[in-house]
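Visitor: My structure is below; once you've seen it, I'll send some questions.
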Amino acid sequence: MADGDVVLKIEHLTFGYSKERLLYEDFSLTLRVGEIVTILVPSGSGKSTLFELIAGNLEPLSGTIERAPFSQVFQDPYSSFHPTWTIEDQIADVANLHGIENYCRMMGIDPELLKKRPHELSGGQLQRASILRALLMRPRLLLADEPTSALDNLIQLDVMKMLLKTIEDVGILMITHDRDLAKWCSDRIVEL
């Protein structure tokens, strides 16, 4: 990417599963390190499709997407971990564990929890582990797909505070239908 701290640049993106019904038409967005940009639209309106396009899993009909190295935090932490492996093994499978103690401290995770399997953790603990895994991949861009929707309000606030602690190192693109959450944490909100 040419611009120093730009981690995502989408220019004139057009995409639809059919040309008659486009989800995105001439959509552009730039995201820099230190920013949280939230895509806010109702469920079923193509928010997750945008992440699939950014990740390179789908091809746009036209336009370009440039992105820095990225990782993702998924909406459902239970489906993003294999049920029979320990959390630590799954993190080690995709990321270097250097600095894990520091991240655990920052996120309020007892390192002993990482030796457990996903079903042995609460939803909030597992979502924290999901964020930990994503951050240990050392991304410049973090894609957060409804990262708190399955959590109660207090845990939701804790998880978002943890994400905000990482902002000097990454740019965060979050998708949510939660307008209050978007207003609370976002530098910019994009409504589609």
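Each value in this text was obtained by applying a stated rule to the coordinates, not by laboratory testing. From a predicted model like this one, the values you see are computed outputs, not experimental measurements. Cβ placement follows ideal geometry from the backbone for every residue including glycine, while neighbour counts extend to all protein chains displayed.
Visitor: Does region 112-132 include one or more residues that are in a helix (DSSP H, G or I) and touching a strand residue (DSSP E or B) at 6+ places or on another chain (Cβ under 7 Å)?
Guide: Within region 112-132, one or more residues are in a helix (DSSP H, G or I) and touching a strand residue (DSSP E or B) at 6+ places or on another chain (Cβ under 7 Å).
Visitor: Starting from residues that are basic (Lys, Arg) and buried (at least 18 other Cβ atoms within 10 Å of the Cβ), keep the ones in region 102-138 and report whichever is farthest from ASN153 (Cα to Cα).
Guide: This residue is ARG133.
Visitor: Hey, among the residues in region 29-40 that are surrounded by 15 or more Cβ atoms within 10 Å (Cβ to Cβ) and not aliphatic (A, V, I, L, M), which one's nearest to LEU143 (Cα to Cα)?
Guide: Among them, the one singled out is THR38.
Visitor: Check SER62, SER43, SER71 and return the single one that is surrounded by 15 or more Cβ atoms within 10 Å (Cβ to Cβ) and touching a residue at least 40 places away in the same chain (Cβ under 8 Å).
Guide: SER71
Visitor: Filter region 82-111 down to residues that are in a loop (DSSP other than H, G, I, E, B), touching an Asp or Glu at 6+ places or on another chain (Cβ under 8 Å) and within 14 Å of LYS165 (Cβ to Cβ), then give me how many there are.
Guide: 1
Visitor: Can you work out which of the residues in region 144-159 that are surrounded by fewer than 19 Cβ atoms within 10 Å (Cβ to Cβ) and not charged (D, E, K, R) is nearest to GLY123 (Cα to Cα)?
Guide: Looking at the filtered set, the residue picked out is ALA150.
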